[in-house]
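Participant: Structure in structure tokens, see below.
Laboratory data are not the source of any read-out in this text; all were calculated from the coordinates shown. These figures come from a predicted structure and were not determined experimentally. Counting neighbours? That spans all protein chains shown, and the Cβs are built from the backbone with ideal geometry, glycine included.
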Amino acid sequence: MQNVLITGGCGFIGSNFIRYLFTNSGSSSPGVFQGRIINVDKLTYAGNPQSLTDVETRFGDRYVFVKADICDHAAVKAIFERYPIDAVVHFAAESHVDRSIVAPDEFIRTNIRGTFHLLELAREYSNNLIRFHHISTDEVFGSLGEGGFFTEHTPYDPSSPYSASKAASDHLVRAYSRTYGLPVTLSNCSNNYGPFQFPEKLIPLIILNALEARPLPVYGDGMHVRDWLYVVDHCAAIWLIMQHGSDGETYNVGGRCEMHNIDVVKLVCDLLDSKQPDSGIGSRQELIQFVKDRPGHDRRYAIDCSKLQNELGWSPAESFQSGLERTIDWYLDNRQWVERVRSGEYRKWIEAHYGEK
């Protein structure tokens, strides 16, 4: 895999994956990456090319950025024509459940139509293609009861426009494998957390609000359960699947870290109290406020990742405690990145460099 096209590479998981390939690909999964990455990103609100400034500086012409919409067939076709793309890693997606409830149309457009355009181009240039890897979510499975786990054979039962659009894209990818013989693999992951995550997501939101003594909003009774996956562990799993996964197969990727949302929030508070105590705040748990639950909020997700572990030898390196400490330390050490995102300065930078708001 010498010319890897990554869609949505300026987003949270995509930017971590690009950095992982260039810097860590030989340490926790076999095969050191020595090729070129072509990162295509539309730069929506959560796409931030400044998350990869260090990569661009360090790796020069081995890293190529193209601002383009995956729904723009001609723009993406030009990339396939210019570079002999031999692998595609498809991260690009609208991914925030609350936003999908308010404005679902963009989720349908990007997550379904955009995936279709990408598959068509991969099929057209399939002579060069070694792997098309599609990133999906455990939310396509719907909600679990108190027991059991999602497996690769769990029926789809999406609850939100976001998860429904991802379910549709999963089905398209599998159909292109079965109908056209495209060499695809898929992965459905649990909740990611770690460096460079957009501040609207639960863990960075709680970290940043707690540092500023602002309310810490928790949906409903706080007893919703999520399985938490440190983003670098996820990146290692993707790279392993791309190299050694079987064509047409799906692999669940989970952190084996089931937590109630309220317990996640309390642990963030306790770690911040330990790392950066503030006598004016006291215990940051006092900032917790329960808010009205959102519509269609699935009660529990939990991933069985034994297939990935047994067949490919992957397991998460980080516990939730160790991964959360790494994440908090990153946000404490990178306040400039945070403030540029929260203030909108990064959008002004994008406008200056790419001529669009």
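Participant: Could you name the lysines in cross-link range of K275, using Cα to Cα under 23 Å and dropping any fewer than eight places away on the same chain?
Facilitator: K201, K266
Participant: Still on this structure: For the range 75-173, just say rounded, prolate or oblate: build the C-alpha gyration tensor, square-root its eigenvalues into a ≥ b ≥ c, call rounded for a/c under 1.5, and beyond that prolate if a/b exceeds b/c, oblate if not.
Facilitator: Note, shape of the range 75-173 comes out oblate.
Participant: Here is a further query. Compute, for the chain, the length of the dipole vector about the Cα centre, with Cβ point charges of +1 (Lys, Arg) and -1 (Asp, Glu) only. Units Debye, rounded to 20.
Facilitator: About 640 debye.
Participant: Given only helices, namely DSSP H runs of n ≥ 4 each adding -39500 (n - 2.57), what is the per-residue ellipticity at 222 nm of the chain, to the nearest 500 deg cm²/dmol?
Facilitator: Taking each H run of at least 4 residues, the total per residue is -12000 deg cm²/dmol.
Participant: Next up: Determine ³J(HN,Hα), in whole Hz, for all residues of the range 61-66 in sequence, where each value follows from phi through the Karplus function 6.51 cos²θ - 1.76 cosθ + 1.60 and θ = phi - 60°; x replaces Gly and Pro.
Facilitator: Per-residue couplings from phi come out as 6, 7, 10, 10, 10, 10 Hz.
Participant: Search the structure for amide H atoms under 5 Å from the amide H of V184, placed 1.01 Å from N in the peptide plane, and list their residues when 5 or more places away or on another chain.
Facilitator: Those qualifying (amide H under 5 Å, at least 5 residues apart or on another chain) are F132, G248.
Participant: Counting DSSP beta bridges with both partners in the range 116-273, what percentage is antiparallel, nearest 5?
Facilitator: Here the share of antiparallel DSSP bridges comes out near 20 percent.
Participant: Here is a further query. Counting other C-beta atoms within 10 Å, which of D293, D69, D227 has the fewest, and how do the rest follow?
Facilitator: D293, D69, D227
Participant: Could you point to the residue in S169, T57, T327 farthest towards the positive end of the chain's charge dipole, with +1 and -1 charges on the Cβ of Lys/Arg and Asp/Glu respectively?
Facilitator: T57
Participant: Here's another thing I want to ask about it. For W228, what residues show an amide H to amide H distance below 5 Å, using hydrogens built from the backbone and excluding near sequence neighbours?
Facilitator: For W228, whose amide H was placed from the backbone, the distant partners under 5 Å are G255, C257, E258, M259.
Participant: I've got another one for you. Determine ³J(HN,Hα), in whole Hz, for all residues of the range 320-331 in sequence, where each value follows from phi through the Karplus function 6.51 cos²θ - 1.76 cosθ + 1.60 and θ = phi - 60°; x replaces Gly and Pro.
Facilitator: 5, 4, 5, x, 5, 4, 4, 5, 4, 4, 5, 5
Participant: Additional query: Which ³J(HN,Hα) values in Hz, rounded to whole numbers, follow from the phi angles of the range 143-150 under the Karplus curve 6.51 cos²θ - 1.76 cosθ + 1.60, where θ = phi - 60° and Gly and Pro get x?
Facilitator: Taking θ as phi minus 60°, the curve returns 10, 8, x, 6, x, x, 9, 6 Hz for the range 143-150.
Participant: Here's something else I'd like to know. Label the range 221-357 by shape, choosing from rounded, prolate and oblate, from the square roots a ≥ b ≥ c of the eigenvalues of the Cα gyration tensor; if a/c is under 1.5 it is rounded, and otherwise prolate applies when a/b is larger than b/c, oblate when it is not.
Facilitator: Oblate.
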